[in-house]
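Notes to accompany the following structure.
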Amino acid sequence: MPGTRIRTLALAAAAALAAVTLPTATAGTATAASAYDDTYYQDALGKSGTELKSALHTIISDQTKVSYDGVWDALKSTDEDPANSSNVILLYSGTSRAKSANGGDTGDWNREHVWAKSHGDFGTATGPGTDLHHLRPEDVTVNSVRGNKDFDEGGTEVANGGGSRTDSDSFEPRDAVKGDVARMILYMAVRYEGDDSFADLEPNDSVDNGSAPNIGKLSVLKKWNDEDPPDAFEENRNEVIYTTYQHNRNPFIDHPEWVDSIW
Ligand SMILES: [Ca+2]
Ligand SMILES: [Ca+2]
Ligand SMILES: [Ca+2]
């Protein structure tokens with residue numbers, strides 16, 4: 001009956017609207033909603049500042065760890081080119097390269113530690129050095145240009161760097177991944193608090209951190225988090241790491257506004 005069908009459609013439309021509007025946080029706040037608020041983030045909701053950081057640390061420290069060898073295959077999945085399943089997207093360069101071209105030679109891609117492993121000296125032992133949330137495929141040469149530099153704006157354009165820039169003491173990723181870099185660094189700061197056998201990693205506002213367990217500049221990373229919000233690629237890799245590999249999430253991809261609450 002036509003009347004029944006119209007009522008059914010109206011109900012479906014109302015249900016769809018409710019599904020869109022239901023998971024919002026308290027009206028009047030700027031808090032974004034995540035599909036994981038009622039489950040994964042249950043113990044963090046409603047908190048701010050150091051309380052929020054501490055709750056998130058507990059939540060995301062419950063994880064499966066990947067070996068450094070296992071990182072190769074994991075990156076082929078987390079960073080797969082959505083337009084070509086034989087390739088990965090390189091973080092800074094922004095280009096697509098064959099998954100099979102992983103290695104250490106010129107023209108290969110390798111495992112970039114966005115939190116440079118010398119900052120806190122954690123190396124590639126299973127732990128922060130193998131944490132997929134800050135490991136990304138990058139061209140061997142561009143990876144070497146970034147080295148262990150802190151992040152800041154300025155410098156000259158990096159060859160094959162997709163618009164990334166560098167000077168003697170800092171590296172500026174291309175615009176499209178500035179927020180990704182910020183959220184990876186801040187994930188590491190919350191995940192690693194010195195209560196295991198590794199250093200307490202924390203951001204600061206310097207560009208000369210050397211081997212100290214710090215990375216800067218925090219003020220710039222906060223700005224990048226605002227300017228480059230999470231996109232489908234970043235959200236997908238968070239999901240793949242959560243469901244397939246580590247079973248923990250980067251909270252700042254789900255809730256970018258938590259950056260300003262903690263820092
Ligand atoms: Ca600089
Ligand atoms: Ca981005
Ligand atoms: Ca920390």
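The values are calculated or read from the model by the stated rules, or taken from the named source; none is laboratory data. This one's a predicted model, so the numbers in the text were calculated from it and none came from an experiment. Cβ: placed from backbone, ideal geometry, glycine included. Neighbour counts: every protein chain shown.
The figures follow:
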quantity: Residues (within 16 Å of ligand 2 (Cβ to nearest atom) and not in a loop (DSSP other than H, G, I, E, B)) located in segment 149-169; calculated: 151
quantity: Search result, residues across segment 36-58 that are surrounded by fewer than 18 Cβ atoms within 10 Å (Cβ to Cβ) and aliphatic (A, V, I, L, M); calculated: 45
quantity: In segment 114-143, the residues that are in a loop (DSSP other than H, G, I, E, B), buried (at least 24 other Cβ atoms within 10 Å of the Cβ) and of a type in the set (Asp, Glu); calculated: 131
quantity: Test: residue in segment 203-226 that is away from ligand 3 (no atom under 16 Å from the Cβ), among the hydrophobic types (A, V, I, L, M, F, W, C) and closer than 24 Å to residue 35 by Cβ; calculated: no
quantity: Test result for residue 159, within 16 Å of ligand 3 (Cβ to nearest atom) and either among the hydrophobic types (A, V, I, L, M, F, W, C) or surrounded by fewer than 21 Cβ atoms within 10 Å (Cβ to Cβ) (or both); calculated: no
quantity: Subset tally (residues that are closer than 18 Å to residue 49 by Cβ and either more than 8 Å from ligand 3 (Cβ to nearest atom) or surrounded by 17 or more Cβ atoms within 10 Å (Cβ to Cβ) (or both)) for segment 186-202; calculated: 7
quantity: Subset tally (residues that are crowded, with 16+ Cβ neighbours inside 10 Å and either among the aromatic types (Phe, Trp, Tyr) or in a helix (DSSP H, G or I) (or both)) for segment 223-235; calculated: 4
quantity: Residue 177 being surrounded by 15 or more Cβ atoms within 10 Å (Cβ to Cβ), within 16 Å of ligand 1 (Cβ to nearest atom) and within 22 Å of residue 232 (Cβ to Cβ); calculated: no
quantity: Enumeration of residues in segment 170-200 that are touching a Phe, Trp or Tyr at 6+ places or on another chain (Cβ under 7 Å), in a loop (DSSP other than H, G, I, E, B) and closer than 18 Å to residue 120 by Cα; calculated: 192, 198, 199
quantity: Test: residue in segment 204-219 that is within 16 Å of ligand 2 (Cβ to nearest atom), part of a loop (DSSP other than H, G, I, E, B) and at pLDDT 95 or above; calculated: no
quantity: Residue in segment 233-247 that is within 16 Å of ligand 2 (Cβ to nearest atom) and farther than 15 Å from residue 134 by Cα present; calculated: no
quantity: Residue count for segment 76-100, restricted to those that are over 14 Å from residue 237 (Cβ atoms) and assigned to a strand (DSSP E or B); calculated: 7
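Here's the yes/no breakdown for (1) among the aromatic types (Phe, Trp, Tyr); (2) within 16 Å of ligand 1 (Cβ to nearest atom); (3) in contact with an Asp or Glu (Cβ under 6 Å, 6 or more places away or on another chain):
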{"position": "186", "(1), (2), (3)": "no, no, no"}
{"position": "189", "(1), (2), (3)": "no, no, yes"}
{"position": "194", "(1), (2), (3)": "no, no, yes"}
{"position": "199", "(1), (2), (3)": "no, no, no"}
{"position": "202", "(1), (2), (3)": "no, no, no"}
{"position": "209", "(1), (2), (3)": "no, yes, yes"}
{"position": "214", "(1), (2), (3)": "no, yes, yes"}
{"position": "228", "(1), (2), (3)": "no, no, no"}
{"position": "231", "(1), (2), (3)": "no, no, no"}
